[in-house]
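First up is the structure itself, then whatever we jot down about it.
The values are calculated or read from the model by the stated rules, or taken from the named source; none is laboratory data. This one's a predicted model, so the numbers in the text were calculated from it and none came from an experiment. Using ideal geometry, Cβ is built from the backbone for each residue, glycine included, and neighbour counts are taken over all protein chains shown. For accessibility, only protein heavy atoms count, side chains too; no ligands or nucleic acids. Shrake-Rupley method; radii C 1.70, N 1.55, O 1.52, S 1.80 Å.
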Amino acid sequence: MTRSLDERLNDILEAIRRARVADRRLLLAESLGDEAGVQIAFESILHNLFVIGESVKAIPSEVLDRDPNTPWSEIAALRDVIGHHYHRIVPEIIHGTVESDLGPLEVAVKGLRKPR
């Protein structure tokens, strides 16, 4: 079953929310010395970034072209790194992505939801 554009955009927004929650949990687990908690939170972040990339890949290019300032191909490529090149993942870069890049992505996705 194919998901609609609106469903894909909602998937991205939900994955952004969940990645942020997991990132906060990761920081808490680190502060408590809870290595298992850190690992679980990190895996949750990766999963949600994977969902974001997979959803972006499924959105038609003519829709993504409405916002040429968002690095859609880089977002989709992160999914490939997580899925196929997991040994190249750098936790600090992932944390930076959650902190710095998900806010602008959220704005961009909400902008794509508006009728043109």
For the range 73-116 the number of residues that are in contact (Cβ under 8 Å) with a residue 24 or more places away in the chain, of a type in the set (G, A, S) and farther than 18 Å from P60 by Cα is 1
When the range 65-98 is examined, which residues are found to be of a type outside the set (S, T, Y), buried (at least 18 other Cβ atoms within 10 Å of the Cβ) and within 15 Å of G111 (Cβ to Cβ)?
W72, I75
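Within the range 29-39, which residues are loosely packed, with under 13 Cβ neighbours inside 10 Å and part of a helix (DSSP H, G or I)? Show your work before the answer.
Start the filter on the range 29-39 by keeping residues that are loosely packed, with under 13 Cβ neighbours inside 10 Å, which leaves 31-33, 35-36, 39.
S31, L32, E35, A36, Q39 - these are the residues of the range 29-39 that are loosely packed, with under 13 Cβ neighbours inside 10 Å and part of a helix (DSSP H, G or I).
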List every residue pair whose Cβ atoms lie under 8 Å apart, where the two residues are 6 or more positions apart in sequence or sit on different chains, the first residue falls within the range 30-58 and is within 14 Å of R17 (Cα to Cα), and the second residue, located anywhere, is in a helix (DSSP H, G or I) and among the polar types (S, T, N, Q).
L49/T97
Any chance R20 is out of contact with any helix residue (DSSP H, G or I) (no Cβ under 6 Å at 6 or more places or on another chain), open to solvent by less than 80 Å² (accessible area, probe 1.4 Å), in a helix (DSSP H, G or I) and under 20 Å from E106 (Cβ atoms)
yes
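So, in the range 102-116, exactly how many residues are assigned to a helix (DSSP H, G or I) and either in contact with a Phe, Trp or Tyr (Cβ under 8 Å, 6 or more places away or on another chain) or surrounded by fewer than 18 Cβ atoms within 10 Å (Cβ to Cβ) (or both)? Quick ask: steps written out before the conclusion?
Step one: list which residues in the range 102-116 are assigned to a helix (DSSP H, G or I), which gives 102-113.
Subset that is either in contact with a Phe, Trp or Tyr (Cβ under 8 Å, 6 or more places away or on another chain) or surrounded by fewer than 18 Cβ atoms within 10 Å (Cβ to Cβ) (or both): 103-104, 106-107, 110-111, 113.
Qualifying residue count, the range 102-116: 7.
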